[in-house]
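*Asks:* Before I ask anything, here is the structure I am working with.
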Amino acid sequence: MYRQKYLFLTPGLIALVAIILFPLLFTIRVSFSGWDVYNPGLSWKGGQNFSRLMADSRYWAALGRLSVMAVGTVLIQYVLGFALALLVWRDVIARRFFRVLFLVPMMTTPVIMSVIWRTIFHESLGPLNPIIRGLGLPGVPWLSDPVWAFVAVMLVEIWQWTPFMFLLLLAGLLSLPSEPYLAARIDGAGPVRTFFSVTFPGLAAISVGAIVIRLIEASKILDTVYVMTSGGPGESTETASYYIYIRGLRDFQIGYSAALSIIYLVIMIVALTIIAKLLVRFLVRPAP
Amino acid sequence: MTSRIRNSLLATTVLSLAALPVAAPSAWAETPDYAAMYPISADVPGVCSFEAIDARDYSGRTLNIITHAIPVIGEPTALHAAQFAELTGATVNVVHVPFGDLFQRIMIPFQTGQAAYDALFFPSLWLGDFNPYLAPVPEAYRETQGMQDLTATYRGVATWNNEMLLYTMDGDRHYMKYRADIFDNPDMQARFEQETGRALTPPATWEEYNEIAAVFSGWDWDGDGQPNFGTAEVTQRDDLMFSAFISRVAGYAKNPDVTGGFFFDLETMEPLVNTPGWVRGLEMFVAAQASMPPGGTNFGLGDEIFSFGGGQTLMSYSWDDAFIQAQQEDSPIRNSVMPTALPGSTEVWNRNTGEWETFAEPNRPGYVTWGWTSAVAGSSQNQDMAFDFLCFFANEANTESDMQVGRYGVNPYRESHFEAAFYEDELGWTPEVSQAYVETLRGIDENPNRVFDLRVPGVGEFMSSLAAGVARAQAGTATPQQALDDVADEWRAIVDRIGADTIRAAYANVVALEDAR
Amino acid sequence: MTHQPLDPEPRAPVSRTLKLALKYGFILFWSAFVVFPFLWALTTSFKDANGVTNGATWLPWLQYQPSTQGWASLFGGPGGTNIVRPYLNSIWVTLGASVVSITLGTLAAYGLSRFTFRFLFFRNADITFFFISQRIMPPIVLAIPFFLMLRALGLLDSLAGLILVYVALLMPIAVWVMVDFFNSIPRGLDEMAWMDGCDPITTFFRVILPNAVPGLVVAGMFCVIFGWNDFFFAFTLTFTQTQLLPVSIVALNSSVTPWWALSASALVSIAPLVLLAFVVERFLSKGGLAGAVR
């Protein structure tokens, strides 16, 4: 009877492997080649791309910047998403309206919204600085100052993807059983203690999954950076994914960008495995 | 074989056209009135006139075209594709691609041998990369009136190893534009003289440019209640900033008496980007940041166009777009702007002597950059139809009409385009502006000292490396000298990877254009 | 000894008002943040070049002269591109890829949730991670191999080819959501069905699947969002015949960025997905999603 179990797993697994196997193997092979704009094809350059990569300080700096950006935005998204989910969880006026509204940013196409955001951050023609000045504050050099440009890119990411966290956490909240809350009330626990002893542990498993998926997606950030800052000023918003794009499709160094991607893939798998393990240890089984 | 048949067919068409008025005057009465059906003033007889194309029958065949996004070049492509389909019965598919993705959209099918597109529109800058994949323009088309009329400069741009590979349909170059109403205003002149002790004239050197920009930055000089600024330049790293930078460098580094390469020493293939002329240009570029509008250090071409074209800034330099935007019919600063040649320098680096030379007159090289162009893919099964389309796109009637729509981005490239009267009559520019426009463009075309784009394999790598270095200097994370030293190192590595001989052979084409005079 | 009240009653209303103010303050602040770009896009979509270069203005007629150029350009007007056919293409590709991904992904997820697998040293958790890890690879580098693969299959520039590639992108998401979801459905349900003599296939379709509808909604929503908004593959793997919506929208981004047309198209492109948000919210409010993500 358990033999049927393969009927469930294999169609999907085989389909996925069939689609992804060739591109993956091909990429590994290309990473050892000198495929570029002038020499297309699978020449053999040994580990040249990899030794060049090891010495490529721009790549490693971009990778460091990416981890700050990805971890930063995902944590902020998580906290905000959690707060918003708690706020519209129970009694709130126009609850359903706010729930729909809070989901909407996730529905938009990043490459198009980035253009809209670029116009919003535009320091002469955009609407944001006039509002800030209206509040009596000085205008902000949104895209022309290294730190602010980084903040602006993060803001757009937070706008777009907080709904992802919000949805998963709200769904989690709505599925929590009510008994532990009764027990907590009988114990005389205040709202803060109830949150940490009942609500948060109940959502820990969801939180881990959501954070890991968002880290994967946030690390691929490309359109936002490309449209808003092109990695500038200087290299202050250049992330690894954007750098791979520049090397791969702008410079057309196909071989080198494949090597960059393979290393990126390895680093991400290792990092995500560690992060997931740590999250599970600290979130899912906290001291009761 | 087929091409011979086609050529003889073409010859027949030309012959019969020429013969028509004599042989059968009554036939003219049956010719449709194309000027009534299409947005042209009159059909101009020729190999690819509306009438000649109307006589072709391509029904049942499909033409695939890749072009730039709408509107620049993309919109006229779509317009003429629809006309071509209507006249010949062919199915014409057009895809519009933003500049940033155009290269890979064309290159991936090229490198993998996929015949994806028949006709292609792209910046002529990429000829060094694309030349192995393009079909040469057949003789019949090279002998058309429109082609014969190309200026020598744009014929040179279309040519690669003595073969014409590009079908020219646009001419581009960098020049400077400024607010003539402010420069001519006595109050402004007095104010400038008081602050600098010098008369306010359009800048002839980059030092003057920066000085004027600084004086006219941060206050409301046009009285609209909004602060104004000195200069709008393309500064966004992976936009077209490298082009702006080359404009700023040319005056210092392109010595009229030195031949044999501007980007590289053609003999040794040693990069010249970190020589003193380039470094000085970068220093001036960095210094100008103080006179840019808010956000001006992250301006893409679109921002530059809106900033100068919208009346926010006093001066700007790049392609025609910002000037044309300012000259639109509904523009508040229409006919208050003037074009002129790029500023230059009285101090010019001579790499042969290793010394700065002082010039009495500023050295102001012309920079012939970019230029949209078109070509037919060598792998296309429809080369006959594709060339007919490009020839039709660029026929005299269409070109005349396209040049009247600013957003189309079709700019002068034929001898006949340098007539001031056209801009006066058709576009409503003042005689002064029309004259200055024609003279500026003509001046670049005839300038004996010119810079062309680095049209070699891997130009994308060279330029993105250059832009990254310049951006580091602009952000202050490296000095101009350090930044350009790093760029030179990267350029050497690229030359090693692609092959010094390959790049030299390609670069020789560029140097030949520069050293032709 | 003075009597100290245990519960300082009189202060309670103040702190409750404060809490309420904070709560609605934050909700309203976030709503404003969410809506801001759309309002800006809405007003920008009615501007022309002069309207844009005059600076940040919001009110048509009062602050700028409105123009319908941006909207007209979306439907074949001058200075624009017709988005009707790309719109339909996008719907087909998104739906096709989502349905295939959900079907295969749900089956696989059920298997991973209920049975123990072992291929060499790969166990269930590793297989699940294998699915998810397909999303890690930067898409840029896959452009050429996917291009070659679709060429070999004769599927370049076709809806079917895009669907094939999108399945690889979307199935991981479906698997991730559904594994968690099935894990939250008690195993007792399956076991009872088996004892009644159902084989696992019948059990899955008759007993488990009907309980899994909310999970399918969440998984479906993520698939549709990621499919609808993908730009890169829609771009790289097509030529002239098959254009999807995001591709035809960025075709408006020429050197003179037409803020108006881009704004109008941004609003048009999100419309179908906002409807989806309403559907998802219905399931949420009915409590139907209980466990969808556990």
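The values are calculated or read from the model by the stated rules, or taken from the named source; none is laboratory data. If you're wondering where the values come from, they're calculated on a predicted model, not measured in any experiment. Because the Cβ atoms are built from the backbone with ideal geometry, glycine has one as well, and the counts that use them run over all protein chains shown. Accessible surface areas use protein heavy atoms only, side chains included; no ligands, DNA or RNA. Shrake-Rupley method; radii C 1.70, N 1.55, O 1.52, S 1.80 Å.
*Asks:* If the label point is 7 Å along Cα→Cβ of residue A:93, which residues in region C:18-51 have backbone nitrogen under 12 Å from it?
*Replies:* C:21, C:24-25, C:28
*Asks:* Can you run the Rg to Rh ratio on region C:89-152? Use alpha carbon positions and the Kirkwood inverse-distance Rh.
*Replies:* Result for region C:89-152 is an Rg/Rh of 1.06.
*Asks:* OK, next. Label points 7 Å out from Cα along the Cβ direction at residue C:26 and residue B:329: separation in nm?
*Replies:* About 5.6 nm, to one decimal.
*Asks:* Could you pull out every whole DSSP H run in chain A that spans at least 18 Å of Cα extent along its own axis and averages 0.5 or higher on the Kyte-Doolittle scale?
*Replies:* Values: long enough: A:5-30 (37 Å, 1.93); A:57-87 (45 Å, 1.36); A:146-174 (41 Å, 1.78); A:200-219 (27 Å, 1.60); A:254-279 (36 Å, 2.26).
Length and hydropathy pass: A:5-30, A:57-87, A:146-174, A:200-219, A:254-279.
*Asks:* For region C:11-74, what mean projected area does the convex hull of the alpha carbons give, in nm²?
*Replies:* Numbers: hull surface 24.0 nm².
That works out to 6.0 nm².
*Asks:* Residue B:228's amide H: which non-local residues (gap 5+, or another chain) put their own amide H closer than 5 Å, with H modeled 1.01 Å from N in plane and none for Pro or chain starts?
*Replies:* Here the answer is B:218, B:219, B:220, B:221, since their amide H atoms fall under 5 Å of that of residue B:228.
*Asks:* So what's chain B giving for Rg/Rh, alpha carbon basis, Kirkwood Rh from the mean inverse pair distance?
*Replies:* On the Cα set of chain B, Rg over Rh gives 0.99.
*Asks:* Ignoring ligands, DNA and RNA, what accessible area per residue does the protein assembly as shown give at 1.4 Å, in Å²?
*Replies:* 37 Å²
*Asks:* I would also like to ask the following. So what's the angle, to the nearest 10 degrees on a 0 to 90 scale, between helix B:459-475 and the longest Cα principal axis of chain B?
*Replies:* Approximately 30 degrees, to the nearest ten.
*Asks:* Roughly what % of Cα-Cα distances in chain C sit above 27 Å, to the whole percent?
*Replies:* Cα-Cα pairs of chain C separated by over 27 Å account for 59 percent.
*Asks:* Sticking with this one: May I ask you to derive the FRET efficiency for residue B:139 and residue B:501 from their Cβ-Cβ distance with R0 = 35 Å, giving the value to the nearest 0.05?
*Replies:* FRET efficiency, residue B:139 to residue B:501: 0.70.
*Asks:* Something else: At the nearest 100 Å², what buried accessible area, both sides summed, do you get for C and A when the probe is 1.4 Å?
*Replies:* Interface between C and A: roughly 8800 Å².
*Asks:* Only four residue types carry charge here, +1 at the Cβ of Lys and Arg and -1 at the Cβ of Asp and Glu. Report the dipole size of chain C about the Cα centre in Debye, rounded to the nearest 20.
*Replies:* 260 debye
*Asks:* Let me know the volume per residue of the alpha-carbon convex hull for region C:84-251, in Å³. List each step's numbers first, then the result.
*Replies:* Numbers: hull volume 22.2 nm³, N = 168.
Cα convex hull per residue, to the nearest whole number: 132 Å³.
*Asks:* Let me ask another. Considering only chain B, what is the antiparallel percent among its DSSP beta bridges, to the nearest 5? Show your work: numbers first, answer last.
*Replies:* Numbers: 29 of 45 bridges.
Roughly 65 percent of the DSSP beta bridges within chain B come out antiparallel.
*Asks:* Quick one: in region B:100-178, what % of C-alpha pairs are over 17 Å apart?
*Replies:* Result: 52 percent of Cα pairs exceed 17 Å.
*Asks:* Output the direction-averaged projected area (hull surface divided by four) of the convex hull of the alpha-carbon atoms of region B:42-93, in nm².
*Replies:* Mean orientational projected area (region B:42-93, Cα hull): 3.9 nm².
*Asks:* Between beta-carbons, use under 9 Å as the cut-off and find the net charge around residue A:246, counting Lys and Arg +1, Asp and Glu -1.
*Replies:* -1
*Asks:* For region B:263-387, divide the Cα radius of gyration by the Kirkwood radius and give the resulting Rg/Rh value with two decimals.
*Replies:* 1.08
*Asks:* Tally the DSSP beta bridges in the protein assembly as shown and give the antiparallel ones as a percent, rounded to 5.
*Replies:* Details: 32 of 49 bridges.
Bridges in the protein assembly as shown are about 65 percent antiparallel.
*Asks:* Largest first, please: the extent of the C-alpha atoms of region B:106-245 along each principal axis, to the nearest Å.
*Replies:* Principal-axis extents of the Cα atoms in region B:106-245, largest first: 63, 34, 27 Å.
*Asks:* If you don't mind, there's one more thing I want to ask. If you project the alpha carbons of region C:183-283 onto their three principal axes, what span does each projection cover, largest first, in Å?
*Replies:* Here the Cα extents, ordered largest to smallest, are 69, 31, 19 Å.
*Asks:* Name the helices (complete DSSP H segments) of chain C with a Cα length along the long axis of 27 Å or more and a Kyte-Doolittle mean of at least -1.0, or state none. Please report the intermediate quantities before stating the final value.
*Replies:* Numbers: long enough: C:12-44 (47 Å, 1.16); C:84-114 (45 Å, 0.84); C:159-184 (36 Å, 1.99); C:259-285 (38 Å, 1.63).
Span-like helices, by this rule, are C:12-44, C:84-114, C:159-184, C:259-285.
*Asks:* Take residue C:211 and residue B:493, extend 7 Å from each Cα along the Cα→Cβ direction, and tell me the distance between the two endpoints in nm.
*Replies:* Result for the modelled spin labels: 5.8 nm.
*Asks:* Right, another one. Just need log10 I(q)/I(0) for the protein assembly as shown at q = 0.05 Å⁻¹, Debye formula, equal scatterers on the alpha-carbon atoms, no solvent, rounded to two decimals.
*Replies:* -0.36
*Asks:* Too long at a 30 Å Cα-Cα cut-off: which of A:5/A:277; A:220/A:277; A:5/A:220?
*Replies:* Check vs 30 Å cut-off fails for A:5/A:220.
*Asks:* Output needed for chain A: three equivalent-ellipsoid semi-axes, defined as square roots of 5 times the C-alpha gyration tensor eigenvalues, in descending order, whole Å.
*Replies:* Semi-axes (√(5λ), whole Å): 38, 30, 17.
*Asks:* Hey, with R₀ at 56 Å, roughly what FRET efficiency would residue B:432 and residue C:62 work out to, going by the Cβ-Cβ distance, to 0.05?
*Replies:* With a Förster radius of 56 Å, E is 0.95.
*Asks:* Hey, another quick one. Cα axis of helix B:186-196 to longest principal axis of chain B: angle in degrees, 0 to 90, nearest 10?
*Replies:* Tilt of helix B:186-196: around 50 degrees.
*Asks:* Probe radius 1.4 Å, ligands and nucleic acids left out: can you give me the accessible area buried at the A-B interface, summed over both chains, in Å² to the nearest hundred?
*Replies:* The contact between B and A buries close to 2900 Å².
*Asks:* Taking only Cα atoms, what is the 0 to 90° angle, nearest 10, from helix B:276-287's long axis to the longest principal axis of chain B?
*Replies:* 80 degrees
*Asks:* Scale the Cα Rg of region C:123-211 by the rule-of-thumb value 2.2 N^0.38 Å and send over the ratio, two decimals. Could the numbers behind the result be given before it?
*Replies:* Numbers: Rg = 18.2 Å, N = 89, 2.2 N^0.38 = 12.1 Å.
In units of the globular-protein estimate, region C:123-211 measures up at 1.50.
*Asks:* Among B:35, B:488, B:192, which residue has its Cα furthest toward the positive end of the charge dipole of chain B, with +1 on Lys/Arg Cβ and -1 on Asp/Glu Cβ?
*Replies:* B:488
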